[in-house]
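Notes to accompany the following structure.
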Amino acid sequence: MTTRRLTPIDQMLINADHALRTLFGRPQTTERPNPAEDIPEADLTDEQRRHVARLMRINHTGEVCAQALYQGQALTATLPDTRKRLERSAKEENDHLAWCAARLDDLGDRKSLLNPLWYAGSFAMGAAAGLAGDKWSLGFVVETERQVEDHLDEHLAQIPIDDEKTRTILEQMKADEVHHAQIAHAAGGAELPAPIRSAMRLTSKVMTSTVYWV
């Protein structure tokens, strides 16, 4: 049995479908259930609920960006094994996307209005990383996941102690991000130059500060 090679038009349609699912539909997740599904809701004050919801909005947008980055990288990756690793990690990140969206619904809040903008920019960054070569593309994954891990630690420190539902989701996300970084590093990811790492941190700071409100 032979496998048909995808044409550029096929790839374009697949990526367009993925973008629409990520931004407006139901993303394709793995078999894993929501880790907070059976955890009871905490008795939060209105102020606590608003703050947690805004943090989860940031996390949701971060997962939107992760999807775009992985799709852009997979599109331009040279080696099939690299592409498969990126696609599997992207599917696990889709779990995070679904969990964050569900938590936002629980908290009665909305997703960021700027998600399409962040998706487009992140897709372009991912594609550029892929064009630079597989070792740099994988290195980009490693650095991205390290920065997300730091970012999740900051959020975990701000979550009310009684909010086990949100905490459980963030802790599972953090464990996955660490695992994805380890996979990319073991596959040959190169250490990114300091200016690029600094630029990534600056971009992340702009995203978090705007999405908290918009």
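Out of all the residues in segment 20-38, is one or more surrounded by 14 or more Cβ atoms within 10 Å (Cβ to Cβ) and among the aromatic types (F, W, Y)? No, the conditions are met nowhere in segment 20-38.
A quick yes/no check of all residues on (1) surrounded by fewer than 20 Cβ atoms within 10 Å (Cβ to Cβ); (2) assigned to a helix (DSSP H, G or I); (3) touching a Gly at 6+ places or on another chain (Cβ under 6 Å); (4) in contact (Cβ under 8 Å) with a residue 12 or more places away in the chain:
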| site | (1), (2), (3), (4) |
| --- | --- |
| L138 | no, yes, yes, yes |
| V142 | no, yes, yes, yes |
| E145 | no, yes, no, yes |
| E149 | yes, yes, no, yes |
| A157 | yes, yes, no, no |
| D162 | yes, no, no, yes |
| I169 | no, yes, no, yes |
| Q182 | yes, yes, no, no |
| G189 | no, no, yes, yes |
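The sole residue among Q67, Q28 that is closer than 28 Å to L114 by Cβ and outside any loop (DSSP other than H, G, I, E, B) is Q67. Taking (1) modelled with pLDDT of 95 or more; (2) farther than 20 Å from T144 by Cα; (3) open to solvent by less than 60 Å² (accessible area, probe 1.4 Å); (4) touching an Asp or Glu at 6+ places or on another chain (Cβ under 9 Å) in turn, D109 satisfies each apart from (4).
The values are calculated or read from the model by the stated rules, or taken from the named source; none is laboratory data. Bear in mind that the values here come from a model prediction, so they are computed numbers and not experimental data. Don't worry about glycine lacking a Cβ; one is built from the backbone with ideal geometry, like all the others, and counts go over all protein chains shown. To get the accessible areas, we keep the full protein, side chains included, count just its heavy atoms, and leave off ligands, DNA and RNA. Shrake-Rupley method; radii C 1.70, N 1.55, O 1.52, S 1.80 Å.
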